[in-house]
Amino acid sequence: ASSVLISALLLPFLGCIHAYSSFVPLLRAPACGSGPQLQQKAAPTLRSTTKSQLSSISAKLVTSDDRTGTLPWKESVAGAEHRLLYMPFLDWQFDFMRKNLEIKDLPFEEHLSKQESTKKPAVIESWQYESAEFRKIRLTYIDAGINAQVFNSVWYPRHEYDAPILGIDFLAFGPKKVLAILDLQPLSQDEEYLSKYIDPLVPIRDKYQDLCGRMSSRFYDEAQFFSKELLFGRFDNDGPVMESLFPAFQEYVEHYLKTIRSLEPDASPEFVTKVKEWQREYDQYSAEKDPAVGLFTTYWGKDWAEDFTHNFLFSESVPVPPSEDAKKEEKASADWDFRSKDSFNLSLVVDPMTAGPKGLILT
């Protein structure tokens, strides 16, 4: 999602968990507490494109606190008649971070911090921090009126902790297309690791029956960086957003911070190296799988979308150049136009990297 996270959601910025985080394909919905044991798979193979090619737009760095004076936003960029559906989540997280963490700004490139669309009413803004426990906490909000409301956040623990990455991705594409994913995204699928970090989520998750959906594995590999206790919901109205998603979000974030603070940091070179590699694999996997690039491309163009993905959302990732055949299919995943409709329709997303199926989107 990060986007929670939703790296697996369409739609780990999804991050986490990866969120995505980012975004994920759709779901099937067994009872809470059920779900198959997942198996970790090998990290994707990296290829040659350099990130410096994506970073040439601007070298000026900005801080986040210089821009938080405008929060919470009071009115949608598309007009006062449109709700900023997830603004209470962004506002609550900022308040929680300030009260419970000694956060410090992590400067990043100015052109990645905020963009307004020249194609249609839409704005995206991001913020980034660190603390004693977290090497990076990023937040992003997208406001495109009724067409899109997105809140994405991903929390990366410092390398002295092998804890999961917290991924948050909450999305709405019209009043009848509301999706949410929230997960403590495990860095390992080892049974002992899952017992330590994921099993304690069961009593929290079981309280929220309408968030007990599960991702489909038909087009998206749920066996990497997702837990069987993730919160996943799809709704045809926005009632559950404040009724169940908001308290569930608060409980997961509070539980996550308590978990981190219960750990003893391990600064041994072997441990730190292992966690660094796990987090790098998470970023690479999320950057390659996240269909949110198509949403960014729709509003802000392909070059900015790629830059934002690799230099902000998943900054440990390396761009992977598409093959010649895949380039012919690129428009299929880039030319998305999210509109409000009365029903969910599924479309196959073609992965421009492989020209193969990547996931499902709602149209």
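The values are calculated or read from the model by the stated rules, or taken from the named source; none is laboratory data. Values in this document were obtained by computation on a predicted structure and should not be read as measured data. Glycine gets a Cβ as well: all are built from the backbone with ideal geometry, and neighbour counts include every protein chain shown. All accessible areas refer to the heavy atoms of the entire protein, side chains included, with ligands and DNA or RNA removed. Shrake-Rupley method; radii C 1.70, N 1.55, O 1.52, S 1.80 Å.
Overview of values
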{"quantity": "Burial ranking of peptide ranges 165-176, 290-301 (average Cβ count within 10 Å, highest at the top)", "calculated": "165-176, 290-301"}
{"quantity": "Chain lengthening between SER315 and GLU102 when straightened (0.36 nm per residue, less Cα-Cα)", "calculated": "74.4 nm"}
{"quantity": "Solvent exposure, largest accessible area first (probe 1.4 Å, DNA, RNA and ligands not counted), of LYS104, LYS302", "calculated": "LYS104, LYS302"}
{"quantity": "Label-point gap, in nm, between PHE246 and GLU110 - each point 7 angstrom along Cα→Cβ", "calculated": "3.7"}
{"quantity": "Kirkwood-based shape ratio for the range 143-226, expressed as Rg/Rh from alpha carbons", "calculated": "1.01"}
{"quantity": "Debye log10 I(q)/I(0) for the range 75-188, one point scatterer per Cα, at q = 0.12 Å⁻¹", "calculated": "-0.48"}
{"quantity": "Cα-based Rg and Dmax for the range 64-116, where Dmax is the largest Cα-Cα distance (Å)", "calculated": "13.0, 37"}
{"quantity": "Global geometry of the range 135-176, whether rounded, prolate or oblate, following the gyration tensor of its Cα atoms and the 1.5 cut on a/c", "calculated": "oblate"}
{"quantity": "Where a label projected 7 Å from the Cα of ALA267 along Cα→Cβ would reach, residues of the range 104-135 with amide N under 17 Å", "calculated": "131-135"}
{"quantity": "All Cα pairs of the range 177-324, percent lying beyond 26 Å", "calculated": "38"}
{"quantity": "Per-residue SASA entry for THR273, accessible area with 1.4 Å probe, Å² rounded to 10", "calculated": "90"}
